[in-house]
Amino acid sequence: MLKGIPVSPGYAIAKILKYQDYHFDQTKTVIEFPEQEILRYDKAINDSVSQLKSLKTANMHTLDEETLHIFDAHIAIATDPELIDRVKQLIRAEQCGLSYALSKTVNTYVQLFDQMSDEYLKSRASDLLDVKNRILKNALHIPVIELDQINEPVILCVYELSATQIAQIDQQYVLGCISEIGGKTSHGAIIARQIGLPAIVGIPNLMTEIKDGEYVIIDAFEGHVIKDFDQATERIYQDKIFTDEKKKANLKRLSGQPTILKDNVEIKLLANIGSSKDLKYLTDHKADGVGLFRTELMYLDRTSLPSESELFEDYKAVLSFFKEKPVTIRTLDIGGDKPLSYINFKPEYNPALGNRAIRLLFTKPELFKTQIRALLRASIFGNLQVMFPMVSTLEELFYIKETIEQCIADLANNNIPFKRFKIGIMIEIPAAAIIADQFAKHVDFFSIGTNDLIQYTFAADRTNPDVEYLYQPFHPVIARLIHGVVEAANQEKIPVSVCGEMAGHPIGAKLLIGLGIKTLSMTPISLLPIKSELMQSSYHDLHEQAKKALSASSEAEIVSYFI
Ligand code: PEP
Ligand code: MG
């Protein structure tokens with residue numbers, strides 16, 4: 001059995017289709033006629049752009065706007081003037097072949113992206129490599145195999161799951177995807193999750209361990225690829241597939257129903273989103289509002305800052321969709337390991353501990369003022385709460401409030417309509433959790449960001465697999481910290497919710513409720529499974545287990561209380 005990181009849940013049984021990208025010879029060759037090589041490059045760019053345009057048109061009715069945008073992004077990379085210029089200069093200066101010049105130039109960019117610890121930016125590197133391969137195949141007249149030509153059931157096996165690959169496949173035939181490298185937040189993984197395609201990434205030595213055409217079972221709940229299985233195992237998985245389908249159909253019936261525990265305690269389940277485009281995932285999986293709107297996503301995939309009116313329109317669309325239901329928008333969490341290419345950031349030794357999120361308010365106040373103005377204006381259209389990430393001291397909070405007042409005064413002076421919003425902070429740094437009692441006197445709500453709270457409590461990078469053993473969401477130390485925050489919030493009668501990944505995990509959700517959290521926010525796909533799990537539990541039981549959890553001595557002990 002091979003093991004990897006499950007990024008999109010589901011099972012599949014089928015034969016492997018190994019899709020290997022052609023490996024180009026990147027050694028430097030001296031050529032006689034550089035100008036001819038440049039013409040070849042120009043032609044290959046044109047061919048690639050035409051292919052990408054036809055792919056986009058062919059998929060117009062089957063893919064959503066966001067996914068279709070990937071084809072535009074690839075066209076933009078292929079036709080990027082700076083990239084083209086550098087490649088041509090290299091061909092002329094060193095009299096070298098296109099394969100070498102293009103690979104060398106692209107690799108410089110790829111290395112830059114790779115050094116970033118942010119998974120989202122890392123995944124931009126795979127888009128660059130995708131485009132490079134397409135151009136070189138066209139230049140060398142190697143047929144570009146289109147994945148949409150597959151016409152029998154397969155599990156696609158690739159070195160890296162790229163966004164364009166996923167966008168091209170027909171789910172009638174491709175039943176699942178597995179890849180050797182990749183992470184939970186790479187573009188391919190995100191799209192696989194969105195379209196509900198079972199996927200596992202990061203399987204060590206996959207391309208050498210697996211043969212083309214061999215039958216495998218993939219369990220993308222556990223991250224297992226089962227080879228050489230017997231009939232009994234196959235039957236077990238056929239049953240699992242059947243039960244899973246039935247479960248999904250049953251879960252749909254819960255959509256729109258309130259989440260009431262067995263002893264009548266109501267829990268609110270909210271969604272985590274990245275922009276108004278994500279609203280489409282909330283038609284089936286209805287949410288009681290938005291608990292986390294990660295606004296930085298709109299800043300990352302572009303080349304200049306979004307304007308106040310672009311931000312306003314996006315926030316307005318989400319607020320109008322949810323009407324009176326709460327929408328919690330988090331201000332920008334960029335900087336450190338999430339730099340913007342179009343803003344000058346100083347390099348840092350410890351980006352996760354550096355100038356990111358709200359800390360940027362002090363060095364780049366205009367960035368925040370634009371966002372706060374857009375939020376105040378959009379606030380008219382719904383029930384807006386705004387929260388601030390990475391707050392660790394009261395002084396930071398006071399400064400934030402002062403900045404909001406300046407923006408209000410500015411809008412009022414210019415007769416621009418606006419409405420005040422509720423102000424909250426994310427509790428995601430241990431310092432904030434420990435003095436939550438003091439923060440609670442100055443904010444309208446708390447939202448606990450367990451992803452960072454766990455990383456900073458254990459001093460274990462949340463993206464580094466080597467220290468993953470320390471990243472323990474169900475450890476008593478985390479339960480104690482959260483318990484303290486809940487007590488502080490209750491003391492001041494302010495609401496407290498959780499928006500980290502822990503809220504969308506069955507054990508995490510139950511532990512959190514037992515600790516007194518009544519609002520959980522999660523990725524839309526988790527809403528119905530968590531609702532179903534909770535409706536079979538009673539608050540009384542969860543609370544009793546959570547009390548025991550506070551004096552437990554290991555994560556395993558707590559897990560044993562909740563399974
Ligand atoms: C968190 O830290 O738990 C959180 C929700 O924010 P992010 O994952 O965006 O850092
Ligand atoms: Mg965080």
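The values are calculated or read from the model by the stated rules, or taken from the named source; none is laboratory data. As the structure is a prediction and not an experimental result, all values here were calculated from the model. Here Cβ is always computed from backbone atoms with ideal geometry, including for glycine, and neighbour counts include all displayed protein chains. With ligands, DNA and RNA removed, areas are computed over all heavy atoms of the protein, side chains included. Shrake-Rupley method; radii C 1.70, N 1.55, O 1.52, S 1.80 Å.
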Taking only Cα atoms of the range 272-329, radius of gyration then Dmax in Å: 11.5, 35
In terms of the Cα gyration tensor, with a ≥ b ≥ c the square roots of its eigenvalues, is the range 1-53 rounded because a/c is under 1.5, prolate because a/b exceeds b/c, or oblate? prolate
Largest first and in whole Å, give the semi-axes of the range 262-562's equivalent ellipsoid, each being the square root of 5 times a Cα gyration tensor eigenvalue. 31, 22, 18
Give Lys184/Lys346; Lys316/Lys531; Lys3/Lys28; Lys364/Lys441; Lys316/Lys547 a once-over and call out the pairs whose C-alpha atoms are over 32 Å from each other. Lys3/Lys28; Lys316/Lys547
Let's test the formula: R0 of 41 Å, r as the Cβ-Cβ distance of Thr403 and Val477. What FRET efficiency results, to the nearest 0.05? 0.75
Net lengthening on full extension, Leu353/Ser54 (0.36 nm per residue, minus Cα-Cα): 103.1 nm
In sequence order, what are the phi-derived ³J(HN,Hα) couplings for the range 174-179 according to the Karplus relation 6.51 cos²θ - 1.76 cosθ + 1.60 with θ = phi - 60°, rounded to whole Hz, with x for glycine and proline? 8, 8, x, 9, 9, 9
Calculated FRET efficiency for the pair His61/Leu394, C-beta based, R₀ 51 Å, to 0.05: 0.45
Long-range amide H contacts for Met387: which residues qualify at under 5 Å (H placed 1.01 Å from N, peptide plane, sequence gap of 5 or more or a different chain)? Ile329, Arg330, Thr331, Gly424
The base-10 log of I(q)/I(0) that the Debye equation returns for the range 449-496 at q = 0.24, 0.29 Å⁻¹, one scatterer per C-alpha, is -0.81, -1.01
Convert each backbone phi in the range 470-486 into a coupling constant with the Karplus relation 6.51 cos²θ - 1.76 cosθ + 1.60 (shift: θ = phi - 60°), then list the ³J(HN,Hα) values in order as whole Hz, x for Gly and Pro. 8, 7, 10, x, 9, 6, x, 5, 6, 4, 5, 4, 5, 4, x, 5, 5
Taking every DSSP beta bridge with both residues inside the range 151-250, roughly what % is antiparallel (nearest 5)? 25 percent
Percent antiparallel among DSSP beta bridges confined to the chain, rounded to 5, stands at 30 percent
State the percentage of accessible surface on the chain attributable to carbon and sulfur atoms; use a 1.4 Å probe and exclude ligands, DNA and RNA. 52 percent
Euclidean distance of C-alpha centroids, the range 497-511 and the range 354-381, integer Å: 28 Å
Given an 8 Å cut-off on Cα distances and at least 6 residues of separation, report the relative contact order of the range 23-139 as a percent. 39 percent
Please list the radius of gyration and Dmax for the range 436-550, considering alpha-carbon atoms only, with Å as the unit. 14.0, 41
Let me check I've understood the local charge: for Phe321, count other residues with C-beta under 14 angstrom from its C-beta, Lys and Arg +1, Asp and Glu -1. What total comes out? +1
Over all Cα pairs of the range 229-357, how is the pair count split among 10 Å bins, expressed in % and running from 0 up to the last occupied bin? 10, 27, 24, 20, 15, 4, 0
Dipole in debye (nearest 20) - the chain, about Cα centre, beta carbon charges: Lys, Arg +1; Asp, Glu -1: 1260 debye
Note, ³J(HN,Hα) from phi for the range 395-400, Karplus 6.51, -1.76, 1.60, rounded to Hz, x at Gly and Pro: 4, 4, 4, 5, 5, 4
To the nearest 20 debye, the range 262-562 has a Cα-centred charge dipole, built from +1 on Lys and Arg Cβ and -1 on Asp and Glu Cβ, of 700 debye
For the chain, with +1 on Lys and Arg beta carbons and -1 on Asp and Glu, the positive-most of Ile478, Phe418, Asn138 along the dipole: Phe418
For all pairs of alpha-carbon atoms in the chain, what percent lies in each bin of width 20 Å, listed from the first bin to the last filled one? 19, 51, 27, 3, 0
Using a simple charge model, +1 on the beta-carbon of Lys and Arg, -1 on the beta-carbon of Asp and Glu, nothing else, what dipole does the range 23-139 show about its Cα centre, in debye to the nearest 20? 360 debye
Over the range 318-403, with a single point scatterer placed on each C-alpha, what log10 of the ratio I(q)/I(0) does the Debye formula yield at q = 0.11, 0.12 1/Å? -0.35, -0.41
Per residue Cα convex hull volume in Å³ - calculated over the range 335-466: 129 Å³
Under a 5 Å amide H to amide H cut-off, with H placed in plane at 1.01 Å, what residues pair with Ala12 once short-range neighbours are removed? Ile218, Ala220
Any idea of the accessible area per residue across the range 262-562, 1.4 Å probe, to the nearest Å²? 42 Å²
With eigenvalues of the C-alpha gyration tensor scaled by 5 and rooted, the range 23-139, Å: 26, 18, 10
For the chain the mean separation of alpha carbon contacts under 8 Å (6+ apart) over residue count, i.e. relative contact order in percent, is 13 percent
Which Cα, out of Leu367, Val318, Ile343, lies furthest along the positive dipole direction of the range 314-404 (beta carbon charges, K/R +1, D/E -1)? Val318
222 nm [θ] for the chain, helices only, -39500 (n - 2.57) per DSSP H run of 4+, per residue, to 500? -14500 deg cm²/dmol
Given backbone amide H placed at 1.01 Å from N, residues whose amide H is under 5 Å from that of Ile334, ignoring those fewer than 5 places away on the same chain, are Ala357
Per residue, how much accessible area does the range 151-250 have with a 1.4 Å probe, in Å²? 47 Å²
Label-point gap, in nm, between Asp284 and Glu324 - each point 7 angstrom along Cα→Cβ: 2.9 nm
Sort all Cα-Cα distances of the range 151-250 into consecutive 5 angstrom bins from zero, then give the percent of pairs in each bin up to the one containing the longest distance. 3, 12, 23, 25, 20, 13, 4, 0
Suppose R0 equals 35 Å; then what is the FRET efficiency for Gln172 and Asn451 from their Cβ-Cβ distance, rounded to the nearest 0.05? 0.50
